[in-house]
1. Any idea of LYS122's accessible area? Nearest 10 Å², probe 1.4 Å.
2. Which FRET efficiency, nearest 0.05, do ALA49 and LYS122 yield, Cβ-Cβ r, R0 41 Å?
3. R0 = 51 Å: FRET efficiency of GLU102 with ASP185, Cβ-based, nearest 0.05?
4. Rounded to the nearest 10 Å², what accessible area does ILE46 show when all protein chains are kept and the probe is 1.4 Å?
5. With no solvent and one point per C-alpha, what does the Debye sum give as log10 I(q)/I(0) for segment 176-281 at q = 0.12, 0.17 Å⁻¹?
6. Largest first, what is the accessible-area ranking of GLU261, GLU43, GLU117, GLU252 with a 1.4 Å probe?
7. By accessible area of protein heavy atoms, probe 1.4 Å, what ranking do PHE161, PHE249, PHE104 get, highest first?
8. TRP188 accessible area, nearest 10 Å², 1.4 Å probe?
Amino acid sequence: MSEHEKDKHGAEGGGSHGGGSHGGGGHGPGGGGHEEGHEGAPEWLISFADNVALLMGFFVILLAMNMGPKATPVQGGEPDDKDNATEASAARNADIILSIREAFNNKVDPFGDDPSEAWLRKRLREKYEGSTNQPGPQGDHPNLQAIRPTDYNRVTARVPFDDGSVSLTADAREVIASAAVGLRDHRWIVDVRGHVSPFESMRNVRAARQLAFDRAYAVAQVLVDNGVSWNNIRVSSLGEIDRVVPKTFDREKDRANQRVEIVQTDEPLPDDPYAHATEDK
């Protein structure tokens with residue numbers, strides 16, 4: 001090979017190596033710009049995707065809540081059908097709100113006085129009225145609810161009292177006299193129950209029970225004066241344990257607990273053990 005041909009071959013070989021070096025540069029530091037185009041998504045895009053997923057989940061929950069059976073009035077039906085459908089919808093909405101608040105440990109207070117929660121408290125009473133988590137007393141019948149039958153809530157009259165007082169006003173005496181007209185000459189026990197407010201009790205159980213008894217006795221005396229026999233009357237002192245207003249810091253509301261209730265029970269008078277003594281002789 002001549003010197004001219006060697007020089008030409010060397011030049012071509014150098015060009016080839018140079019090209020290899022250039023090709024390698026495409027994957028070296030010079031190729032870094034190409035790799036930057038394939039980096040991960042920016043952080044704002046990930047946050048945006050999370051928000052979209054949360055919104056979609058929220059709308060799915062709304063859709064699931066709205067997929068229940070709809071109450072539609074029948075064609076030609078009575079106008080009350082629309083009212084029933086409205087009541088059913090309101091009850092369903094109340095149940096949803098009660099469930100959500102219970103899940104977040106924000107239950108509705110059944111004894112609260114917030115006007116905005118009145119409809120929720122009403123729904124609570126409708127759902128749980130008469131139910132209890134405690135076992136009832138055992139008896140011969142499966143539906144036994146009490147040891148003996150009673151008509152505790154049938155209040156014939158309610159007599160209010162002033163703070164710490166056992167005196168009866170003229171209006172109170174009229175109320176008692178009116179109640180006595182329907183109670184005289186009956187063979188049923190009339191329970192006269194005295195009550196005091198927590199403000200009057202001041203955590204003194206003995207004083208509270210004595211004040212409640214004195215009030216009940218004063219009312220019983222007026223009943224007797226208007227024709228009711230002492231044999232029909234049972235005087236009870238409940239103190240502050242049976243409140244009309246369960247718990248309040250309002251003194252005016254608390255005064256509603258200062259009362260005597262006249263209750264006609266379903267308990268008949270016991271037989272007189274001496275009624276047939278003369279006949280036996």
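The values are calculated or read from the model by the stated rules, or taken from the named source; none is laboratory data. Not measured: the values here are computed from a predicted model. Neighbour counts are summed over all protein chains in view; Cβ atoms, including those assigned to glycine, are modelled from backbone coordinates with ideal geometry. SASA here: full protein model, heavy atoms, side chains in, ligands and nucleic acids out. Shrake-Rupley method; radii C 1.70, N 1.55, O 1.52, S 1.80 Å.
1. 110 Å²
2. Details: r = 44 Å, r/R0 = 1.06.
Approximately 0.40, to the nearest 0.05.
3. On the way: r = 53 Å, r/R0 = 1.04.
Efficiency at R0 = 51 Å is approximately 0.45.
4. 90 Å²
5. -0.49, -0.81
6. Working: GLU261 10, GLU43 155, GLU117 35, GLU252 125 Å².
Sorted descending by solvent-accessible area, the residues read GLU43, GLU252, GLU117, GLU261.
7. Result, largest first: PHE249, PHE104, PHE161.
8. That residue has around 110 Å² of solvent-accessible surface.
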